């Protein structure tokens, strides 16, 4: 199962009357190298969509980003390579015969690392096929300690005078905030342009330092840029979206006349529904219209079906060629999955209220009810499964979950100690009040109602009006409510053997949360075991993922005997 490749992306590279050429990208675990290996493959399909030929997989593990010109004649690749024990980034320009140019970004020294994550990254050819647009870390002046012995010979003195403007003394230990979990090291992104005709790289000017740009695109003139920017401080930039909105995924139509994007209310609950916005970009009146509004519950659509709203992201290439249709996928209601591997467990995945796929009202319903409604929904799902599938044994129920799922399984084991017999929790939230000020998303959104969140957020300059005062009594009230909806308040009732899988570098749910649960269970003589990994929130790096998944299965089998291991 671990060696089965998973599809990470695909695109149509050629379309003719006779068939289609599709380039797909895949990821596969390489257990021997303890890493994920990436490869691409080309499939040729006939007009009936039957596969006529397929290429051998080609390893692209060192490719971080890539983009082709609209005519498919040139390709840019951001590649990572290790040379003499130093990891470096290069931008390669290819035509259909050879490598045309190769830019050593470290040697050119215009910026730091190029961003390759899904939140910030861009890698786009300009319509005139001469420039590549991307996001990179801003280059900062070098820092030196206040005391540093310098060479005294004349030649070195002269060099010192030349470099003096590039060095800041005493700035070595200044704290630089980063963007949090899985975005460590990303402090200040800048929009960067590589001009392949002049072989120059430059960071675009005009974007205030208080803003972090992301998801940038070229406009039709190959000079203008459209993108997303997140504020560091209260300051405004010329913008296309409405005030108070969180925006993502800008996408130009192929003819560059139309711009669409997703937006929703800023500061709302996580993963809420979006509206799809539309703008005729070159019109005199730059006024955006709503193509698909936020769906509160459901709306009727064609073929007597129902539509439950837009969630997640837009594909990078979502328009059809004539710029009339947009293609996308989004969660709707729930789904049922079948798994090939049989380890003698039936699996229930609970779409509790607060989850996506049933409209914005369902997502928002959890506000102020976390630790209550979501827990009860999981219990209802458990009991319904037992009622519907009589062959299930009510004395052999285990629960597993990570992050908010970890929050739920620890709650369930404490509030329903006789129903759930064994627990596996990955980086669980245990005490919201304790983690509120140290998480990379100081998040009381679902613990509190919307009105309480405004007071809570104002205290930490997180959302809404940063200047809104908050009284001491209100602060105590907010913290007490966060504590009361946390699993820690019920810990004395836990009976089930509990396995904790904790990432020591987790910034989303600090490892102190899992350690707190572990220590309290130990003190209460509950069988518990904690696996501490040098990893972050998802525990998804090769060796760590394998270890915690296998340990979780062994823990379940040990404490819920099945027919195969009794």
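The values are calculated or read from the model by the stated rules, or taken from the named source; none is laboratory data. None of the values given here were measured: they were computed from a predicted structure. Cβ coordinates were reconstructed from backbone atoms using ideal geometry, including for glycine residues, and neighbour counts include every protein chain displayed.
Name the one entry in 27, 21 that is surrounded by 10 or more Cβ atoms within 10 Å (Cβ to Cβ) and within 27 Å of the chain's Cα centre (by Cα).
27
Does segment 90-119 hold any residues that are surrounded by 13 or more Cβ atoms within 10 Å (Cβ to Cβ) and not in a strand (DSSP E or B), and which are they?
Hits for segment 90-119 are 105, 106, 108, 110, 111, 112, 113, 115, 116, 119.
Condition check ((1) surrounded by fewer than 15 Cβ atoms within 10 Å (Cβ to Cβ); (2) more than 17 Å from residue 511 (Cα to Cα); (3) at pLDDT 90 or above) across all residues:
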| position | (1), (2), (3) |
| --- | --- |
| 530 | no, no, yes |
| 535 | no, no, yes |
| 538 | no, no, yes |
| 544 | no, no, yes |
| 551 | no, yes, yes |
| 555 | no, yes, yes |
| 558 | yes, yes, yes |
| 561 | yes, yes, no |
| 564 | yes, yes, no |
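Given the conditions (1) in a loop (DSSP other than H, G, I, E, B); (2) at pLDDT below 80; (3) over 15 Å from residue 137 (Cβ atoms), which single one is not true for residue 174?
Failing condition for residue 174: (2).
Of the numbered conditions (1) in contact with a helix residue (DSSP H, G or I) (Cβ under 9 Å, 6 or more places away or on another chain); (2) surrounded by fewer than 16 Cβ atoms within 10 Å (Cβ to Cβ); (3) farther than 23 Å from residue 4 by Cβ, residue 82 fails exactly one; give the number of that condition.
Failing condition for residue 82: (1).
Those residues that are without any contact (Cβ under 8 Å) to a residue 60 or more places away in the chain and either in contact with a strand residue (DSSP E or B) (Cβ under 8 Å, 6 or more places away or on another chain) or more than 21 Å from residue 266 (Cα to Cα) (or both), I need them from segment 192-208; list them, please.
Result: 198, 200, 204, 205, 206, 207.
Residue under question is residue 398, and the condition is that it be farther than 25 Å from residue 278 by Cβ and either touching a strand residue (DSSP E or B) at 6+ places or on another chain (Cβ under 6 Å) or surrounded by fewer than 14 Cβ atoms within 10 Å (Cβ to Cβ) (or both); does it hold?
For residue 398, the condition - farther than 25 Å from residue 278 by Cβ and either touching a strand residue (DSSP E or B) at 6+ places or on another chain (Cβ under 6 Å) or surrounded by fewer than 14 Cβ atoms within 10 Å (Cβ to Cβ) (or both) - is met.
Taking only pairs six or more apart or across chains, which ones have beta-carbon atoms under 7 Å, a first residue in segment 549-566 that is within 14 Å of residue 496 (Cα to Cα), and a second residue that is modelled with pLDDT of 90 or more and part of a loop (DSSP other than H, G, I, E, B)?
559/421; 559/497; 560/396; 560/421
Looking at (1) surrounded by fewer than 12 Cβ atoms within 10 Å (Cβ to Cβ); (2) modelled with pLDDT of 90 or more; (3) not in a strand (DSSP E or B), can you tell me which one residue 87 breaks?
The failed condition is (3).
Would you point out the residue of segment 133-156, among those that are over 42 Å from the mean Cα position of the chain (by Cα) and surrounded by 10 or more Cβ atoms within 10 Å (Cβ to Cβ), that is modelled with the lowest pLDDT?
156
Residues of segment 418-442 being buried (at least 24 other Cβ atoms within 10 Å of the Cβ) and either within 19 Å of the chain's Cα centre (by Cα) or at pLDDT below 65 (or both), which ones?
Listed by number, the residues that qualify are 426, 427, 428, 429.
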